[in-house]
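Bear in mind these aren't lab numbers, they're just calculated from the coordinates by the rules spelled out. Owing to the predicted nature of the structure, the values given are computational and were not obtained by experimental measurement. When we count neighbours, we look across all protein chains shown, and the Cβ atoms used for this are built from the backbone with ideal geometry, even at glycine.
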Amino acid sequence: MGANAYEIGQNNDFSVEVYGVAAISMVDYGKLAGKQGPVLENESRIGFRAGKAMTDNIEVFMQIEGGYVDNIDWAHGGVAGGTLGQRDTFIGLKGDWGKVRFGRVLTPMYELIDWPYANPGLGASWDWGGDVAYYYDRQSNTVRYDSPSLGGLTFALAAGRDDDSSNAKSTSGSATKDSYYFGGNVNYTIADMVTLHGGFETADKFAGNDVDTFGYLLGFEASLPAGFGLAGAFKSGESKDNVTKIKSTQDSYSVIGQYWAGSLGFKLGYTANLEHEVGGVKVKDMEDNIVSGQVMYVVNGFVPYLRVAERDLDGGSKKDTVVRVGLEYGF
Amino acid sequence: MGANAYEIGQNNDFSVEVYGVAAISMVDYGKLAGKQGPVLENESRIGFRAGKAMTDNIEVFMQIEGGYVDNIDWAHGGVAGGTLGQRDTFIGLKGDWGKVRFGRVLTPMYELIDWPYANPGLGASWDWGGDVAYYYDRQSNTVRYDSPSLGGLTFALAAGRDDDSSNAKSTSGSATKDSYYFGGNVNYTIADMVTLHGGFETADKFAGNDVDTFGYLLGFEASLPAGFGLAGAFKSGESKDNVTKIKSTQDSYSVIGQYWAGSLGFKLGYTANLEHEVGGVKVKDMEDNIVSGQVMYVVNGFVPYLRVAERDLDGGSKKDTVVRVGLEYGF
Amino acid sequence: MGANAYEIGQNNDFSVEVYGVAAISMVDYGKLAGKQGPVLENESRIGFRAGKAMTDNIEVFMQIEGGYVDNIDWAHGGVAGGTLGQRDTFIGLKGDWGKVRFGRVLTPMYELIDWPYANPGLGASWDWGGDVAYYYDRQSNTVRYDSPSLGGLTFALAAGRDDDSSNAKSTSGSATKDSYYFGGNVNYTIADMVTLHGGFETADKFAGNDVDTFGYLLGFEASLPAGFGLAGAFKSGESKDNVTKIKSTQDSYSVIGQYWAGSLGFKLGYTANLEHEVGGVKVKDMEDNIVSGQVMYVVNGFVPYLRVAERDLDGGSKKDTVVRVGLEYGF
């Protein structure tokens, strides 16, 4: 209407970046997968970023990222994975004061769980194999702040909402007022050699259920001489039923060693979920552990790898060998 | 086969444009939303355009646009919003004779309803809050012609089809022969100061139901001195049941004032759905009105805004305050 | 952790290509489509490619392609078509030794069925109108090798898996160990005038059902003098029930002539599904045939076309005329 009238989509001094990850692997999940046999998993995805400076010290940025292109995403009610918005999708502001993002992002604690402590192939126990649900992974309705590096120290804080436990549980529209979470992480690098990680996450009505949860993680990464590296983390969580007041608890740890001989790398990881207690009493056959080894080779930005994992889940009742060979690269 | 053989995908003198809108807001829908509480809404979307000249006076263009990246789109049977093709998605031809588009586009009348008469925050009454359904919004199976500017006058005409009333109602494949619509708009700008808008839309078996509908809109926008602006529109619609022959009617209006002091803008809007009559008899408690104010600030192409709307729906039985703070930009 | 540590998404010497096909048509499927009437079909789609050299003789490439932007894809459980990953989506390696792709690709035999033998408008009989299911089209969980040109000869081999017969049948995760297929094609061009095509495909537990299948195709394309061209193919398939041991068989053929007068092209095609036999006994009213003509005009890379097909399906019990006018271009 007036000279200042503004219409969305008319200004074009923004640049759009198309990015993605190409990730294909052939995996045999072993006996536990029943008649499935070896399958190709295409975890490739496409994303878009766009932004520019708003003021001298505020840059606006946004990201929209699709899911894995070949997976049905049951959490979204069976929608095929390749829908935009399934992975980290947000709008943010950043400056030398740090960055804040609004939307769908990793929680600060899960970010640590996922990296560096789940690779190679420990996730089935360490990430999502436990018996107490006390952390989200990627969560909508989240506001997350990440600090700049303060002399080797960085930290992140996030608060978010969840919804009822319907299939559409990751979308913003169906949030429930009573369900929210708060979490953070802190990372401190000493002499470029050792990084310490800490994280926590606490929730009311976790995932829309009538339970309150709390968990924390402590870990380290060390870059050792002669191409060696070592990382380890411990996490512990509890979930309290708001009706029965009974607490459910479990501790877990993960240890990963690696060795690089030039472009050739080896990783060996071990993880375990320890005793699962409900009301202070140990539940039988809940322990899990995985030992997994990986050989990889960096060649011109590509990392082909071979991974073999021995899984021993649910107190030894589910033993299996999982073999995966794959290739991935970011673009 | 021959020298003239043609295969799709082999010619690359087309350029592809990736565009989009980033739009995040935090909104509290108030008491009416029950236990929902404040939520983050990410209405960002990604689109693609490609085209080039076919002849001297025909340029071919196409657009594919995805839906809001965090919304479940129930109209598509629960599909997550970020699927390509949910918003305006078409192939068109244009020249100095105007443009024609084939596919999924806004109807000419709804285009006016949505802009400039629904902003700020009047949609819950003005767009989709009425009691008589007599216009589509974005509709597949549509052919739409838009004229070039003819001395300040432009007009648009569209005809389209609809399908049965299944969940998949917006896709082309399930059209029903008996359900179609026809609509148009006309816009006339006088002395760069005042623009008059008119629109109409009529349908047989609207939305697959056995009703015939008709509606029209009359409105104006005026750019006043000293940064002021004013806009107002009246619309009226009816729906006739083909079996009972009973008519259902309702009128609505919307008035919006704005004022810009440099980069700082204010908007104040008021809209009302008036008496809803069925068979000439007023139905009780159907009136709606919303008064909504918005403060916004244009900074380097961004428009952060704060909006507060007082909603008074269904004859006063649903009163609520909706607060939204957001940021959006096109790229 | 160490100096060689690698994180996905950090290296950016890859270029990403956005490509696509714009394809709109208005089609009337005739009486057989019941009350549908003429509809607009938007078969446009968007894809992404990214890759670069890994070694001197291995280039890594990937492709992610979405489905038709306006179609509900029932094979994916009702997901809207415009989801990334529905069409050919893979990661591959190539060099002067050929190329190998892992993921979701056309089977070698179906690639021939679809082109050049299904155009113009023969698919409803030739592609998917037969009574014996003995080939896939686009299949996940596939490894496919394509040879380089060896003096005019090229060949392709593919092996893949299928899953149970749930709705989610095209995704990798639900593969069934017992269901796999193997197929190939060979193409030989003589004196730039004639190309011979051969293909075969065999499967155990085809599409998750307890049947074993086998089929083959033989065909040719000839570029004749004065703008004429001719193509023809014969295919034959069988499906054996593993329980009853009864065989189901059917043969089909397709013949297409074309003529180009400068930019103006004509195509005339005829296809038929012949007798359908089960256990050696002919099943009544199973024959199909289509005769279809197309006029098209190549103008600056665009190909507007008009197509009229006479369909005579199921032994004459389903006769209809299908008319389509459309425009498509790759970008």
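Sorting B:186-194, C:298-306, C:127-135 by average packing, meaning the other beta carbons within 10 Å per residue, from highest down gives C:127-135, C:298-306, B:186-194.
Bridging of A:K235 to lysines at a Cα separation below 19 Å is possible for A:K247, A:K282, once same-chain residues fewer than 8 apart are set aside.
Close amide H pairs (under 5 Å, H built 1.01 Å from N) link B:G20 with B:G47, B:F331, residues at least 5 positions away or on another chain.
Label-point spacing at A:A261 relative to the other copies reads 7.4, 7.4 nm, in ascending order, each point sitting 7 Å out from Cα along Cα→Cβ. Here's the picture: charge each Lys and Arg Cβ at +1 and each Asp and Glu Cβ at -1 in the stretch A:16-330, and of A:N289, A:I256, A:V299 the one pushed furthest to the positive end of that dipole is A:V299.
Since only C:T83, C:Y216, C:V100 are under comparison, the one whose Cα sits farthest along the positive direction of the charge dipole of the stretch C:15-330, derived from C-beta charges on Lys, Arg, Asp and Glu, is C:T83. In this Cβ point-charge picture (+1 for Lys and Arg, -1 for Asp and Glu), the stretch A:172-331 has a dipole of about 240 debye about its Cα centre.
Straight Cα distances below 22 angstrom link B:K94 to the lysines B:K52, with same-chain residues fewer than 8 positions distant left out.
Other residues with beta-carbon under 15 Å from the beta-carbon of C:V325 carry, at +1 per Lys or Arg and -1 per Asp or Glu, a net charge of -1.
Placing a label point 7 Å from Cα along the Cα-to-Cβ direction at A:D137 gives distances to the equivalent points in the other copies of 3.2, 3.2 nm, listed shortest first.
Per-residue shielding of B:58-65, expressed as the average number of other chain Cβ atoms within 10 Å of the residue Cβ, stands at 5.
Based on Cα contacts under 8 Å between residues 6+ apart, chain C shows a relative contact order of 14 percent.
Counting, for every residue in A:45-51, the Cβ atoms of other protein chains within 10 Å of its Cβ and taking the mean gives 6. Would you mind estimating how fast the protein assembly as shown diffuses translationally, via Stokes-Einstein at 20 °C and 1.002 mPa s with the Kirkwood radius over Cα pairs, in µm²/s? Estimated diffusion coefficient is 69 µm²/s. For A:V308, inter-copy separations between label points set 7 Å beyond Cα along the Cβ vector come to 6.8, 6.8 nm, shortest first. 3J(HN,Hα) couplings calculated from phi for the stretch A:316-327 with the Karplus curve 6.51 cos²θ - 1.76 cosθ + 1.60 (θ = phi - 60°) are, in sequence order, x, 6, 10, 9, 6, 10, 10, 10, 9, 10, x, 8 Hz; Gly and Pro show x. Remark: mean inter-chain Cβ contacts per residue of A:220-232 equal 2, using a 10 Å Cβ-Cβ cutoff to other protein chain atoms.
If only the Cβ of Lys and Arg carry +1 and only the Cβ of Asp and Glu carry -1, the dipole of chain B around its Cα centre is close to 200 debye. Phi angles of the stretch B:99-115 translate, via the Karplus equation with coefficients 6.51, -1.76, 1.60 and θ = phi - 60°, into HN-Hα couplings of 9, 10, 10, 10, x, 10, 9, 5, 6, x, 6, 5, 4, 6, 4, 6, 9 Hz per residue; Gly and Pro are given as x.
Legend: calculated FRET efficiency, C:F228 to C:Y297, from the Cβ-Cβ distance at R0 = 22 Å, rounded to 0.05, equals 0.80.
Only four residue types carry charge here, +1 at the Cβ of Lys and Arg and -1 at the Cβ of Asp and Glu. Report the dipole size of the protein assembly as shown about the Cα centre in Debye, rounded to the nearest 20. The partial results should precede the final answer.
Details: 84 positive and 126 negative charges, 19 e Å.
That gives a dipole near 100 debye.
Counting only Cα atoms, the size of the stretch A:16-330 along its three principal axes is 56, 55, 43 Å, in decreasing order. Cross-link check: pairs A:K240/A:K319; C:K35/C:K319; A:K31/C:K240 evaluated at a Cα-Cα cut-off of 20 Å; pairs beyond the cut-off: A:K240/A:K319; A:K31/C:K240.
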